Amino acid sequence: MIFIIHSLNMLDDAIALEKELVIECYIPGRDTNQKQDGDKILFDNLEAMKKCDPNNVYCIWDGDSFGTVFDMGMAYALGFQIIPWKLGKDKHWKRFFQQKINDKSRIDHETEYTKKYFKEK
């Protein structure tokens, strides 16, 4: 299973990515109860993330969502490979992902998605 980190307002983008990947994905906005306490949401996301493929965690972020930042931090702390799919306005995260892609010792492959993302930006 693939985990798709995403901003809640970008749930449709996450569902569209799942269809494109043609594999079962864990999408927090759909699969985690968003009406519970924030700490519980983060814990549930962490537990789900631990059960997913550590080499393919996708990120769809609007540049504002703090929950998305927490999920990216959890994935990073677990040593998971984060693949930027769609990132908003935050230049620091864009530089972080670009550095990981350029440093082949930190990432095992460059995907068509990362090539597309950085070509367009």
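Rule-based calculations on the coordinates, nothing more; no lab input. Computed from a predicted model, the values in this text were never measured in an experiment. Methodologically, a virtual Cβ is constructed for each residue, glycine included, from the backbone with ideal geometry; neighbour enumeration extends over all protein chains shown.
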Checklist line | Estimated FRET transfer efficiency (K40, E20; beta-carbon r; R0 30 Å; 0.05) | finding: 0.50
Check: Sorting Y26, Y58 on the 10 Å Cβ count, fewest up front, what's the list?
Finding: Y26, Y58
Notebook entry, point to check: Taking 0.36 nm per intervening residue step and subtracting the Cα-Cα distance, what contour gain separates K51 from A77 on full extension?
Noted result: 7.9 nm
Notebook entry, point to check: For segment 49-63, in order, what is each residue's ³J(HN,Hα) by Karplus, 6.51 cos²θ - 1.76 cosθ + 1.60 with θ = phi - 60°, in whole Hz (x at glycine and Pro)?
Noted result: 4, 4, 8, 9, 5, x, 9, 9, 10, 8, 10, 10, 9, 7, x
Next item on the list: For D31 and M1, calculate 0.36 nm times their separation in residues minus their Cα-Cα distance, and state this gained length in nm to one decimal.
Entry: 9.5 nm
